[in-house]
């Protein structure tokens with residue numbers, strides 16, 4: 001029997017449960033890019049997402065925004081009810097959850113409705129000690145462990161995150177599906193590097209992102225640094241930093257941030273994969289990053305680039321400064337590093353490749 005062309009084959013419906021979001025961070029941005037491309041791979045996308053995200057929108061053939069209760073204790077039940085209603089109304093062939101709270105809600109609905117469910121792990125499924133009280137962490141871990149027993153498929157955006165997830169939940173992941181970047185939207189930012197380069201930090205200002213390390217490294221390297229982002233550490237960092245070479249630019253889009261920087265510094269202690277590295281690479285901007293989380297999986301495709309731009313997981317600001325100085329001192333070295341990273345991103349981490357792989361996972365789960 002001859003296979004049907006993709007545009008004539010029966011389309012699969014997936015309901016993406018993306019609540020509760022609280023900011024337009026990496027998960028939000030990744031979904032904005034990936035969901036439209038799923039459609040060209042034979043997947044009709046429905047989206048259920050939270051009411052607390054300021055602005056923005058998620059694309060889909062069927063979209064509902066959940067009005068989340070103000071009391072946190074009431075939100076899990078409200079989310080389960082919303083997922084149940086969406087399944088009844090839209091009739092998806094599969095569920096896809098992208099946050100731990102959504103995992104728990106989807107597990108209950110999938111069990112009752114016998115709908116295949118895919119848990120997509122994009123970040124640590126259980127909070128760290130500094131993120132939540134010990135009792136909350138135990139309850140959360142217990143709930144996620146129970147939920148994953150009912151998952152048709154569990155995928156993660158990096159192999160490292162898959163190992164972390166298995167250790168916390170006892171459920172091995174079934175597949176790694178890396179994030180992808182819209183190459184065209186960042187390729188246009190490529191330019192000749194400037195004679196006096198500027199370092200950049202782009203991301204949330206939180207403890208696990210370690211922005212203070214990027215600032216300290218810039219000082220040691222005697223370089224300017226623009227800090228793009230917002231978060232709980234902003235006030236403290238501004239109060240402690242009285243150096244005119246350190247400029248806090250606030251929250252903006254990656255495209256706007258990359259227009260003003262020449263070298264990106266990523267000192268995060270924890271990253272599922274590192275969307276900002278994919279974006280900088282697509283723009284041809286060299287990156288100096290800590291070998292944490294899924295970040296080494298990006299650089300692993302180019303050994304010379306890895307040796308030049310990846311610092312150890314235990315790196316101090318001085319180690320970052322040592323890796324940054326050759327890029328500051330040599331325009332040719334910046335061009336070399338930026339071009340090599342751009343080649344890695346284009347060949348391995350495009351949104352088209354990521355969406356095609358995710359579409360395969362969805363069709364396989366729905367067929368079960």
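The values are calculated or read from the model by the stated rules, or taken from the named source; none is laboratory data. None of these values were measured; they are calculated from a predicted model. For neighbour counting, all protein chains shown are included, and Cβ atoms are generated from backbone atoms with ideal geometry for every residue, glycine included.
Could you list all residues from the stretch 334-346 that are in contact with a helix residue (DSSP H, G or I) (Cβ under 7 Å, 6 or more places away or on another chain) and surrounded by fewer than 16 Cβ atoms within 10 Å (Cβ to Cβ)?
346
Which one of 78, 105, 74 is on the phi < 0 side of the Ramachandran plot, buried (at least 19 other Cβ atoms within 10 Å of the Cβ) and part of a helix (DSSP H, G or I)?
105
So, in the stretch 184-220, how many residues would count as being assigned to a helix (DSSP H, G or I) and either farther than 25 Å from residue 158 by Cβ or at pLDDT 95 or above (or both)?
The number of residues fulfilling the criteria is 11.
Can you name the residue in the stretch 299-326 that is in contact with a strand residue (DSSP E or B) (Cβ under 8 Å, 6 or more places away or on another chain) and under 27 Å from residue 351 (Cβ atoms) and, of all such residues, is surrounded by the fewest Cβ atoms within 10 Å (Cβ to Cβ)?
310
When you go through 260, 274 one by one, which is the residue that is more than 22 Å from residue 347 (Cβ to Cβ) and assigned by TED's automatic domain parsing to the domain that holds residue 199?
Every option except 260 fails the conditions.
Of the conditions (1) closer than 22 Å to residue 279 by Cα; (2) assigned to a loop (DSSP other than H, G, I, E, B), residue 244 fails just one. Which one is it?
(1)
Restrict the check to the stretch 267-274 and report whether at least one residue is part of a helix (DSSP H, G or I) and surrounded by 17 or more Cβ atoms within 10 Å (Cβ to Cβ).
no
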